[in-house]
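To keep things clear, I will list the structure first and then write my remarks on it.
The values are calculated or read from the model by the stated rules, or taken from the named source; none is laboratory data. Everything quoted here is computed from the prediction, not taken from an experiment. Here the Cβ positions follow ideal geometry from the backbone for every residue, glycine too, while neighbour counts run over all protein chains shown.
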Amino acid sequence: MNRLPMHSLRRAPEVDLDGTWEFRLLPYQEEWKSVQVPDLWTMREKDDPPHYLNVAMPFEEVPPTVPAHNPTGQYRRTVELAAQPGRRTILHVGAAEGHLNVIVNDQAVGDSTDSHLAAEFDITEAVTSGVNTIELTVAKWSAATYLEDQDHWWQSGLSRSVFLYTVPEVRLGDVAVVTDYADGRGSLNVTVSTIGLDHLHEVGWSARIGVLGRTESRLIAPRVVEPAFPDSTVDRSTRPEPVGIPDGVMNLLSLHAAGAPIVGELRPIADIMTVRPGKAGSAVFALDVLDVAPWTAETPHLEDLLVELVSPEGEVADAANFRIGFRRVRIEGRDLLVNGERVLIQGVNRHDVNPRTGRVITRDQMLAELSLLKRFNVNAIRTSHYPNDPVFLDLCDEIGFYVVDEADIEGHAFTTTLAHDPRYLSEFVERVSRMVLRDRNHPSVIIWSLGNETGYGPNHDAAAAWVRRVDPGRPLHYEGAIAHDWHGGHAASDLVCPMYPSFEALTAFSADPRADRPVILCEYAYSQGNSTGGLAHYWELFESLPGLQGGFIWEFKDHALDPDGDGRYRYGGDFGDEPNDGTTLLNGVVFTDLTPKPALYEARGLFSPIRVSMDGGRLRIRNRQSFADLSAYDLNLRVETEAGPVGALTLPAPRVAAGEEVTIDLPGSIVALLGTALALTVSLRTREDALWAPAGTEIAAHQITFPRPLPQLPRASTGGEVRHPLLRRVPRLCLWRALTDNDGSFMLDHRFVRSGFFRITPVDVDGAITRYATAYGDEVVHTRTVTRVGEGDYVLDEHVVLPSGEALRVGMEFELADGFDHARWVGLGPWENYPDRRSSALLGAWENRIDDLSVPYLKPQENGGRGEVTELVLSGPAGTVRTTHATPLHMTVSRHTIEELETATHWWELPPSARTVVHLDIAQRGVGTAMLGPDTRPAYRLTEREYAWQWRLTLTSP
């Protein structure tokens, strides 16, 4: 009620209301206390803490009933204002999570729902000159709450900035900017709407626009001054002629350029410029054949647009600035095109989350997140599941990301009813339309999303129809429209945008003659815990099959919270929130503190701007980009050997055009080293400083591997047992790993627990043969032959026969005495990798502290593995332990046992440890995405019944 219409204008705060407010939480508190706004009371109030649920609502009522118990936060502060005759005072509340009610000086002003878009109120009649009291009351629950069930913490408060600004009585109401780019030229259509003129009979008001090319510091379009508003003397049947540039325009443009000098001549850039009067109080400016650079995520070129409202006396009554980009988004057949080129969507889903402040996010944090994503070659973001702060979109415009802007609609608990409920029709349309009206001038926004997981019904179709009429230049996205039929839902989705499809489903749909739209996965590669297996196979399909065009990984960041700042990150249930969905919100490719998980490194390599290969001794480089050449990068070459990297040198990347490839000669110094090489590493690094990375930042590393000679293990005549003071526990058979979240998924029907491999008990030892019984009585036979090469030096031949079923690992586990702190290995690294998530891992000689080899997934589980290892050296004050493998093995070195990992519910609960636990596996299962998506592919499952391998263990005391 009384909320002002949404618009695209970005008004500057005149009175910043962020900072200290008085607060009390009803019904729990009567006394006021000081808090800092923006603020979510759920991050500090023990009476109403965060509550995590994925699907179910945190109360038993059904729509549109409001729960009787409704925690309500009251925020109050005073502000001194001076009288400003002829101007209106506007209160801007950036985001209120809950139902917002505004009272100013004891006068009811208005209310608002829609927790992730700004609410503005004209409070002119309520304020006075002097001290004023503003009270913002936020009720946690309302009828609209059912549309905000978004797989996140339930939080409440004021999560974005609050401020006041003033505007003249006659002012700009909104500006809609439509750009286009084709055939090397841009076009611009600007619709200017006003407030205060639609009922006036005063003539002579006009609007004018200017476009300033920031990068070249030159005026690229003159302002065009035209009669634009009610004037009975204007013949609206004829097209007015452009008016010349008025005197004084240079001073105005200098202000627009924030004081920067304008260099170059004033010159028109259009063969045709028109100004069309629209409805009363509005005008449309159209400029064609513009000599401008295009905007893409790879080349995010922006221009500055100035819009002014000019009074009959020639004074600027109001003005607005925009950064605009010229680009065309179209769907043609089964391809999504940007500026006529098919683009691959290398995207992530992103939620607002800060471990200390919840969904209160600063510009610096937004920049840090986007910079990290850009450095890891992510080019697209879905704002799951609500519009982000406009500052976030500003940064996407500037840094270069394709954005799916998603409406603040998710009714997951009531998917079969809300989309059909006419009581929610206006809420659906309003939430979608307000998003569009606010964000439509951002070039980064290439697709509108009608929301998430709210079924599909006429309320969606109504919202879609509104968008198609108002902003036809962008495609629509809604997964619910195609959830049950990938060939249906055309009214609400221009994309086939499924969640977590199988590889087989994608392959079949690509070949289906009925397929008529691009396939872009709105969610895939589910990343809870040690996960994201199969990402490389998804990208094999995306880059090879018609109609498949990428997708958005679920998701960018874990949602763990640490409100006390003690490093003890928490998930569902840790705040006494019952019922809860526990660890389901720990599914990011980065931890909550923005530390990348190994899965993000896997994505970095797959999303790289280049691919490399060898062609007859020469290096072939293919540019995967759609628009940019490789001139922004340098290549760093190094040769990987068992002794470590050698021969590093840097040279400029070849200037190969987008989509093309080139073959270059390797430098002689590199060629001379390849005879003993494991691999040639080609690292791609930025050449110049950018907002998102300094010069020299590595954004991808690729390898060409060479035939690898395997170690030849010695033989001797003496046998015996493995015993040594450095061994706290001698090597023993291990078939179990601390279950990953995917391993324990109900989708896998607890198959690994049912295997019984979590406990194998020796029941018969006959020389070299040990027979084990699993927890359920099945027999495992392990045959070991030990050859003693020298003092503390053994060669072990292993042979294992398993019962039918599927194992998690097959290998040896042993534990060392205290006193080891360093690891060096020859194999895949440097980051954690598993059989179905190692396409971006690098072959070489790596080293690290043992303490840093583990990956601290908040819910402890199998972690820290490295594959294809032929040699491992562990060292420290206690001595040296070396293992050599005739067949490459999967290595894990940890401070904790499997039992400790499985017992702890949080990483920070693991006890401090100086032990070194080593696993060397001939086989380890991939990690897959079975919690939500495909299981590990058959090639990476352990279904064989027999395994045999040979390895050497050498122990040396100091």
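Taking the range 503-556 as the search range and keeping residues that are of a type in the set (D, E, K, R) and assigned to a helix (DSSP H, G or I), which one is surrounded by the most Cβ atoms within 10 Å (Cβ to Cβ)? Filtering first and then ranking leaves 540. Tallying residues that are out of contact with any Asp or Glu (no Cβ under 8 Å at 6 or more places or on another chain) and of a type in the set (A, V, I, L, M) within the range 672-729 yields 15. The set of residues in the range 22-62 being more than 33 Å from the chain's Cα centre (by Cα) and crowded, with 17+ Cβ neighbours inside 10 Å consists of 23, 24, 25. Residues in the range 675-702 that are surrounded by fewer than 18 Cβ atoms within 10 Å (Cβ to Cβ), out of contact with any Ser or Thr (no Cβ under 7 Å at 6 or more places or on another chain) and either under 20 Å from residue 611 (Cβ atoms) or modelled with pLDDT of 95 or more (or both): 687, 688, 689, 690, 691, 694. In the set (1) at positive phi; (2) at pLDDT below 95, the condition left unmet by residue 655 is number (1).
Within the range 639-672, being under 31 Å from the mean Cα position of the chain (by Cα) and surrounded by 16 or more Cβ atoms within 10 Å (Cβ to Cβ) holds for 653, 654, 656, 658, 661. Out of 415, 454, one residue alone is surrounded by fewer than 24 Cβ atoms within 10 Å (Cβ to Cβ) and at pLDDT 95 or above. It is 415.
Checking each residue in the range 192-225 for being among the hydrophobic types (A, V, I, L, M, F, W, C) and either in a loop (DSSP other than H, G, I, E, B) or modelled with pLDDT of 90 or more (or both) picks out 192, 195, 197, 200, 203, 205, 224, 225. Taking the condition buried (at least 22 other Cβ atoms within 10 Å of the Cβ), acidic (Asp, Glu) and at pLDDT 95 or above, does residue 836 pass? For residue 836, the condition - buried (at least 22 other Cβ atoms within 10 Å of the Cβ), acidic (Asp, Glu) and at pLDDT 95 or above - is met. When the range 903-958 is filtered for residues that are aromatic (Phe, Trp, Tyr), surrounded by fewer than 20 Cβ atoms within 10 Å (Cβ to Cβ) and over 28 Å from the mean Cα position of the chain (by Cα), only 947 remains. A Cβ distance below 7 Å, combined with a sequence gap of six or more or placement on separate chains, defines the contacts here; from the range 762-781, residues that are assigned by TED's automatic domain parsing to the domain that holds residue 733 and exposed (fewer than 14 other Cβ atoms within 10 Å of the Cβ) reach residues that are part of a strand (DSSP E or B) and small (Gly, Ala, Ser) in the pairs 763/773.
Looking at this structure, is residue 510 more than 27 Å from residue 586 (Cα to Cα) and among the small types (Gly, Ala, Ser)? Yes: the conditions hold for residue 510.
Looking at 893, 869, 873, 881, which is the one that is farther than 21 Å from residue 732 by Cβ, among the hydrophobic types (A, V, I, L, M, F, W, C) and either surrounded by fewer than 24 Cβ atoms within 10 Å (Cβ to Cβ) or in contact (Cβ under 8 Å) with a residue 24 or more places away in the chain (or both)?
873
Just one of (1) more than 26 Å from residue 916 (Cβ to Cβ); (2) surrounded by fewer than 16 Cβ atoms within 10 Å (Cβ to Cβ); (3) touching a helix residue (DSSP H, G or I) at 6+ places or on another chain (Cβ under 8 Å) fails for residue 805. It is (2). Scanning the range 149-191 for residues that are closer than 30 Å to residue 555 by Cβ and outside any strand (DSSP E or B) yields 150, 151, 155, 156, 159, 160, 161. Listed conditions (1) over 30 Å from residue 860 (Cα atoms); (2) assigned to a loop (DSSP other than H, G, I, E, B) are all met by residue 469, apart from (2).
Under the condition of being within 21 Å of residue 829 (Cβ to Cβ), surrounded by fewer than 23 Cβ atoms within 10 Å (Cβ to Cβ) and touching a Lys or Arg at 6+ places or on another chain (Cβ under 6 Å), the residues counted in the range 584-609 number 1.
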